[in-house]
1. Just order 36-46, 51-61 by mean Cβ neighbour count inside 10 Å, highest at the front, would you?
2. How tilted is helix 82-96 with respect to the longest principal axis of the chain? Cα atoms for both, answer in degrees (0 to 90, nearest 10).
3. If I model a spin label as a point 7 Å beyond the Cα along the Cα-Cβ vector, how far apart are those points for residue 124 and residue 67 in nm?
4. Relative to the longest principal axis of the C-alpha atoms of the chain, give the angle of the C-alpha long axis of helix 63-74, reported between 0 and 90° and rounded to the nearest 10°.
5. Between residue 113 and residue 47, what length in nm is gained on full extension when 0.36 nm per residue of separation is reduced by their alpha carbon distance?
6. In deg cm²/dmol and to the nearest 500, what is the mean residue ellipticity at 222 nm of the chain if only DSSP H runs of at least 4 residues count, each as -39500 (n - 2.57), divided by the residue total?
7. Just to be sure I understand, if you calculate semi-axes √(5λ) of the Cα gyration tensor in Å for this structure, which of [x] 30, 15, 12; [y] 42, 16, 11; [z] 29, 16, 14 do you get?
8. Could you work out the relative contact order of the chain, using alpha carbon pairs under 8 angstrom and six or more residues apart, expressed as a whole percent?
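Each value in this text was obtained by applying a stated rule to the coordinates, not by laboratory testing. What you see is a predicted model, and the numbers here were worked out from it, not measured in a lab. Please note: Cβ atoms are built from the backbone with ideal geometry, for glycine as well, and neighbour counts cover all protein chains shown.
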C-alpha cells in the first residue's frame with residue numbers, strides 16, 4: 001500500500017476495525033450539544049517477528065492499549081474537525097508505543113445531514129514516526 005508521501009507501507013501491522021464511540025466533535029452547535037456516533041479504523045505498522053516467535057504479549061503492543069487511546073480521544077474533549085481527532089489518535093499512538101513505525105487512522109461520521117445514502121463521511125490520515133518532531 002502506498003502512503004501519502006509516495007513511500008510504500010508493507011509488512012506487519014496491528015489492525016483495529018469498526019471501533020464505535022459517542023463523542024461531541026464537530027463545528028456545528030448541535031454536534032457539540034447532542035453528540036453523535038463515530039466509527040474508527042486503525043492500522044499500526046510494527047515488526048511482529050519477536051511476538052510471533054515468542055508468543056508473549058510483552059513482545060508486541062496490545063490492541064487494547066491502542067483502543068484505549070482512541071476511546072479517550074473520541075469520548076474526551078471536543079474537536080471541531082475530524083482531521084484533528086484522527087491526528088491526535090495517530091500522534092498519541094506513535095508517542096506512547098515506540099515499536100510502532102507508522103499509523104493510519106480513519107474516523108467517520110455515519111449520521112451526517114446530507115441528501116443521499118451513505119455509510120459514513122470522514123477522514124483518513126497516515127503518520128510516520130520519521131515525521132515526528134524530535
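1. Details: 36-46: 20.3, 51-61: 12.6.
Highest-to-lowest ranking by the protection proxy: 36-46, 51-61.
2. Helix 82-96 and the main axis of the chain meet at about 20 degrees.
3. Taking the two extended label points, one gets 2.3 nm.
4. 30 degrees
5. Numbers: separation 66, 0.36 × 66 = 23.76 nm, distance 4.12 nm.
Separation in residues times 0.36 nm, less the Cα-Cα distance, equals 19.6 nm.
6. Numbers: 4 runs with 39 residues, N = 134.
After summing the helix terms and dividing by the residues of the chain, the value is -8500 deg cm²/dmol.
7. It is the value labelled [z].
8. Values: 235 pairs, mean separation 33.5, N = 134.
Relative contact order, the chain: 25 percent.
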